[in-house]
1. Would you please state which residues of segment 155-175 a label at Glu209 would reach in this model, taking the label point 7 Å out along Cα→Cβ and a backbone N cut-off of under 13 Å?
2. Once the piece of chain linking His625 and Arg199 is laid out straight, how much longer is it, given 0.36 nm per residue of separation minus the C-alpha distance between them?
3. Of Asp121, Asp226, how do they rank once you tally other Cβ atoms within 10 Å and put the fewest first?
4. For Thr341 paired with Ile442, estimate the spin-label separation in nm (one decimal), with each label point 7 Å from Cα along the Cα-to-Cβ line.
5. Suppose each label sits 7 Å from its Cα in the direction of the beta carbon; what would the Arg434-Leu562 distance come out to in nanometres?
6. Order of 610-619, 37-46 by packing, highest average Cβ count within 10 Å first?
7. Quick check: pseudo-label points 7 Å beyond the Cα along Cα→Cβ at Asp160 and Asp692, how many nm apart are they?
8. Using Stokes-Einstein with the Kirkwood hydrodynamic radius over Cα pairs, what translational diffusion coefficient do you get for segment 190-259 at 10 °C and a viscosity of 1.306 mPa s, in µm²/s rounded to a whole number?
Amino acid sequence: MALNSGGVFRADLNAPLTVHDERTGLEGTVRNIHEHRNTPYVATGSGLYVLKSREDQVLGERSASFEKWGDLPLVGDMISVGENLLAGTQENGVYQISPRSRLEDVSWSVTNHLLKARGGDIVYAGSNSGLKGLRRTQDGWNPFSIEEIQAEVRDLAMEDDGTLWAGTIGGEVLRVTLSADGRRVRSTMRYGEQDGLPRGYKGMETVNERVTVVSKKGLFQVDNPDQAPEAWQFSRRTSLLPDVENTDTLTVQAIEDVGSHLWLISDRHVFVGQRREDASYEWEAVDPLHFPRSGRTSLAVGQEGTVWLGDGRRLFQYAWRQGRTVEPPTPDFSASVRQVTTLRRGRIVYGGHSSDPGGESAPLYGTVEPHQYRYKLEGRTGQWTDWTTEASQRYRDLWEGTYRFRVQARNDRGQVSEVGMLPLYIRPPWFRSRWALFAYGIAFLALALGYRRYYQIKEENRRAQERVRKLERERVVAERLKKANERLREANRLKEDFLATTSHELRTPLTNILGALEVLRGMVTDEQEEFLDMIEANGQRLKRTLNALLDLSMLRSGEEDLELTPTPLDECARRVASDLRDDAEEKGLSVRVDTPDTPVQADVDEQYLEQIVRNLVENAIKYTHDGHVAISAGRTNGQVYVEVEDTGIGIDEDFLPNLFDEFKQESRGRARTYEGNGLGLAISARLAEQMDGTIHVETEKGEGSTFTVEFPRSSKMSSETNASRTGETE
């Protein structure tokens, strides 16, 4: 309509899209929307609001506005049960909104989601303290707890047979089979990433009578429902998503299944799908609701087709297909470039109107706030700028080339215009023109060829000199390495010869000294015999050290003479235990021997086997102060073993890598607690390896150690064992 002031006024009667915010009495961020008996209730961060129609409407004012309902805490969810409207809050449990009352007996505080059971007499509540419920009786609603579910439940859904599904804050999905009265859990199945579900929090919704897991990654359903629930696998259902560009990366913010229609909200668009006979959907874009979303989005669809879309602090009311066709918002709402000027001289290089349908500006009548714009200059940056009310954009230091300047507008209703585009071509200065660049190229090519030839000659001379120096260095290094290796081999041979000769020369007189001690024992008094015991003990210790050194020298030189015969490990274990039992009992230790009834045999050298077992048992007695030493033999997985267990001091975990090294002991230096030369375990390990065996240990500091020697099981029987069995048969 034309005004006498020369302006234009646009009146939009019965507009299909209405925006509610502070101007209509709705305050705070929209959290939940529910329509109860054709009356919308909206929960925001400021409280619960109900839409009221105005009977005393004044021309120019709105016909309906929101009023705050009571002084409720933060509402998490709402549900209609017959005439009753229940609201689950974040502080004080559940309230009955219609008729107005609070369920005082509710034992939980935070309610995240409400779900009505199929019969309607039970309402399940997902709370921070687990799964709860309300049963309707003649006296009202009686709360109860399902004790088996203690996780924080954020969303609920139910199958036709009453099976309950729950989504937890940890991203886990629970399938809960309830008892007949709906108050106890019969079984629970848990599903997660290993079952095909995406990571992160997931919601629950019933779509076409099938429970559907809702994630930002899409909608997921069970692939193999004909199998047992333990074997169920989930997959993303593209048949439940609109067939648009980038469907695989479509971000789902909310869905609503109403009758034969499925509503879906993405990050920028709203779609509604009509279910076909094959359970797929024919999708339709709801253009009036296409705009960028904020971080929090909620959706509710009324029975009369009214769509309620909460986006941040705004609530959109959209009349969908109520007896007329709804056109997209303002077909001429578009954006384009009016003028381009240079910054340095202010010269206009482009300007004026354009009859292009894309438009010259962004006209949209009926808005209150100024339009917002965002810009993108392709060729310099591929990112849009932030939304701003500035209707101009400046770019400095643009290089020559072709650019595409794009602009998009958005009104205060959240409607976004088509993208306007203007191609730009920046000419280069003369010194960057094509002829100048060609001349530069010719000059550079000549210079490069000359320098390349000079560099090649210089490089060839350098490489020749380097090869001569390298050959001379390699010759010198090779001669030095050869001499060093010869010296090392000679030093090692001399060391081994010295070790063997010295040990042999010391052992002979030591044997004579120990023999003379036995003669002297009958010639001295009891007091003097104590000194002979001391001499004998230290002499035996020295003899053991010399024997260990000789064994080590023999093993290093490879001169050991192994005679591998079928040898019973159990007999060796019993024999060593019998020999050393007195030493253990002197320390107050008990000795246990555990061997099977049938011989345990391996192809080993009997002498060296007994030396290994003796070393292990002596170590166990030495490092055990109280408790016991256990020796056992047996078979396992084609192997036979001898195991020595003690309750001694154990071995530090840091020392285990060096346990079988030569001359290594856990206690070192002058302050070490136990005697020894650090050769017993090293020799035992080498002997076991020579007989195709292994030694390993399990230990805990302060608790004791278990050494196990394993050999391949012998396929033959020793003659003694055969004779023993023959005697038993006779």
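Where a number appears in this text, it was derived from the coordinates with a stated rule and is not lab data. This one's a predicted model, so the numbers in the text were calculated from it and none came from an experiment. All Cβ positions, glycine included, derive from the backbone under ideal geometry; neighbour counts span all protein chains shown.
1. Within reach of a label on Glu209, which here means backbone N under 13 Å from a point 7 Å along Cα→Cβ, segment 155-175 contributes 159-162.
2. 147.9 nm
3. Asp226, Asp121
4. With each label point 7 Å from Cα toward Cβ, the separation is 4.3 nm.
5. The two pseudo-label positions are separated by 8.5 nm.
6. Those peptides, ordered most packed to least, come out 610-619, 37-46.
7. 6.8
8. Numbers: Rh = 12.8 Å.
This corresponds to a translational diffusion coefficient of 124 µm²/s.
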